[in-house]
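Okay, so here's the structure we're looking at.
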2 protein chains.
Amino acid sequence: MTIAPCVLCAEPGGELIWRDQRARIVWIHDAQHPAYMRVIWNQHVKEMSDLSLPDRAYLMDLVFRLEQVLRATLQPAKVNLASLGNMVPHLHWHVIPRFTDDPHFPQSSFGEALRDSIHRIENPDAFKRALIEEFK
Amino acid sequence: MTIAPCVLCAEPGGELIWRDQRARIVWIHDAQHPAYMRVIWNQHVKEMSDLSLPDRAYLMDLVFRLEQVLRATLQPAKVNLASLGNMVPHLHWHVIPRFTDDPHFPQSSFGEALRDSIHRIENPDAFKRALIEEFK
C-alpha cells in the first residue's frame, strides 16, 4: 500500500506571495473567487491548538494582515476566514474577500454557487504588488 | 423605512455558556451538528481587523480554548473554525467539531448535506460541564 503524500507538504499550494520558516501565503487563482488567498503553516500540523501559543499568534497575525490588504485594495463586502482542513488536514487558512455579486454571496463560498458570475480583480498587478509590499 | 436590528446585537444567539464584557460563547444546538458552537464579539464590529491587536488576541484565545475542549471531550476528526458573517456582519466565530459520519463530512458544513445522518453527543451533560469548567 502506498500512502498519498499530503498535497500541502508536497506543493506550495498556489502562487507563492511570501514565505518564511514557519508559514507561507499563496494566491490560489480560484476560478470563482479570483482574490481567494491561503495562509499555510509549513509544518504538517492538523489543528490550531496543536501549535504553541506564540505560533498561533504568529499565524493569525499573517491572516489578519492579509485581511487588511484585501480590504484596502479590493473593498470587499466582507472577508471570510476559515480553517477547515477536513480533506487536507494540514493547517491552512482560507482568506476570501467576498463581494455582493460573487457566485455565492451571501452564502459561504464552500457550497454550491448561486449565480454564474465572477467578481474580477480590477487591477491584478496592483493587487499583487500590494500583497508583496505588505509582507516583504 | 425600519431597519432590522442585528440579531447578534438583539439576542444571545444560542444557549449562553460564558460571557464577559467583550465576548460570549454560545451553544447553538444545530440540528445537523449538535456540538456546533459560536464565539461572538459583543460589540457590533464587522471584521477581525476592526479590532485592536489585544482584542484580536483575546477573541482568538477563546476560539482556540473552545477548540481544545471540543477535542478533549468529543474527539472529532477535525475542528472547523470560520468567521464568515456575510449575512450577519457582526463578528462571530463558528467552531464546529466534525466527524466522519456527520451530514457533511468531508465537505464544509456550510453547504448541502451529503447524507442523512447526525453525529450525536454521547453525554451532553458532561460536554456542557466541560465547557463551563473551562471558561468559569
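Report whether or not A:PHE99 is buried (at least 18 other Cβ atoms within 10 Å of the Cβ), at the interface with another protein chain (Cβ under 9 Å from one of its Cβ atoms), within 20 Å of B:VAL88 (Cα to Cα) and hydrophobic (A, V, I, L, M, F, W, C).
no
For region B:95-126, give me each residue that is within 22 Å of A:MET48 (Cα to Cα) and in contact with a Leu (Cβ under 7 Å, 6 or more places away or on another chain).
B:VAL95, B:PRO97, B:HIS104, B:GLN107, B:SER108
Report, ordered by the first and then the second residue, all pairs with beta carbons closer than 6 Å, sequence separation of six or more or different chains, a first member in region A:26-48 that is within 14 Å of another protein chain (Cβ to nearest Cβ), and a second member that is hydroxyl-bearing (Ser, Thr, Tyr) and open to solvent by less than 40 Å² (accessible area, probe 1.4 Å).
Final answer for the pair search is A:HIS33/A:SER109.
For region B:75-85, give me each residue that is surrounded by fewer than 20 Cβ atoms within 10 Å (Cβ to Cβ) and either in contact with a Pro (Cβ under 7 Å, 6 or more places away or on another chain) or in contact (Cβ under 8 Å) with a residue 12 or more places away in the chain (or both).
Let us first name the residues in region B:75-85 that are surrounded by fewer than 20 Cβ atoms within 10 Å (Cβ to Cβ), namely B:75, B:77.
Once the filter is applied, which keeps residues that are surrounded by fewer than 20 Cβ atoms within 10 Å (Cβ to Cβ) and either in contact with a Pro (Cβ under 7 Å, 6 or more places away or on another chain) or in contact (Cβ under 8 Å) with a residue 12 or more places away in the chain (or both), region B:75-85 yields only B:ALA77.
For region B:79-112, enumerate the residues that are over 18 Å from the mean Cα position of the chain (by Cα), at pLDDT 95 or above and not polar (S, T, N, Q).
B:ASP101, B:PRO106
Looking at region B:86-93, is at least one residue more than 8 Å from chain A (Cβ to nearest Cβ), among the aromatic types (Phe, Trp, Tyr), open to solvent by less than 20 Å² (accessible area, probe 1.4 Å) and within 24 Å of A:ARG38 (Cβ to Cβ)?
Checked region B:86-93: at least one residue is more than 8 Å from chain A (Cβ to nearest Cβ), among the aromatic types (Phe, Trp, Tyr), open to solvent by less than 20 Å² (accessible area, probe 1.4 Å) and within 24 Å of A:ARG38 (Cβ to Cβ).
Touching a Ser or Thr at 6+ places or on another chain (Cβ under 8 Å) and farther than 20 Å from A:ARG56 by Cα: which single residue out of B:ASN86, B:ASN80 fits that description? Walk me through how you get there before you give the answer.
Working: B:ASN80 fails: farther than 20 Å from A:ARG56 by Cα.
Of the residues listed, the single one that is touching a Ser or Thr at 6+ places or on another chain (Cβ under 8 Å) and farther than 20 Å from A:ARG56 by Cα is B:ASN86.
Limited to region A:102-119, what total is found for residues that are surrounded by 12 or more Cβ atoms within 10 Å (Cβ to Cβ) and more than 10 Å from chain B (Cβ to nearest Cβ)?
Here the count works out to 6.
The values are calculated or read from the model by the stated rules, or taken from the named source; none is laboratory data. A quick note: this is a predicted structure, and the numbers were derived from the prediction, not measured. So basically every Cβ, Gly included, is an ideal-geometry build from the backbone, and we count neighbours across all protein chains shown. Ligands, DNA and RNA are excluded from the accessible area calculation, which covers all protein heavy atoms including side chains. Shrake-Rupley method; radii C 1.70, N 1.55, O 1.52, S 1.80 Å.
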